1. For the list (1) out of contact with any strand residue (DSSP E or B) (no Cβ under 8 Å at 6 or more places or on another chain); (2) within 15 Å of residue 4 (Cα to Cα), I need the number of the one condition that residue 24 fails.
2. Applying the selection to segment 14-51, what residues are in a loop (DSSP other than H, G, I, E, B), under 12 Å from the mean Cα position of the chain (by Cα) and surrounded by 14 or more Cβ atoms within 10 Å (Cβ to Cβ)?
């Protein structure tokens with residue numbers, strides 16, 4: 001039977017809210033189901049070590065800190081910036097190949113941090129979704 005740690009679940013819930021990412025997106029990045037995230041938060045069930053480490057990394061902390069239920073130093077922990085690959089996996093799911101490749105290229109530009117291109121890139125991504133009849137997640 002899996003171990004339970006109420007403080008872990010409470011902290012994970014707080015971190016998810018602060019990150020402004022959906023449980024679905026966090027689950028996708030961690031390689032688990034959204035219901036598993038809900039279970040961790042609600043019951044404090046502790047995931048297997050590889051998943052625990054991924055979740056901790058995502059929120060910029062160690063697995064030990066996450067299990068302790070206390071944010072490191074009492075400070076707000078910013079979410080880890082997803083890699084281009086992780087970001088693309090979230091936003092291109094369900095797109096046809098051509099549109100997926102276009103969005104991946106635009107995301108790569110956006111994540112490289114070229115401020116003058118950000119608005120244009122976001123507009124192009126929205127245009128791809130609008131024309132593909134697929135809703136963003």
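Throughout, read-outs are computed from the coordinates displayed, never taken from laboratory work. Since we're looking at a predicted model, the values are computed, not measured. Neighbour counts run over all protein chains shown; Cβ positions are idealised from the backbone, glycine included.
1. Result: residue 24 fails condition (2) only.
2. 21, 22, 32
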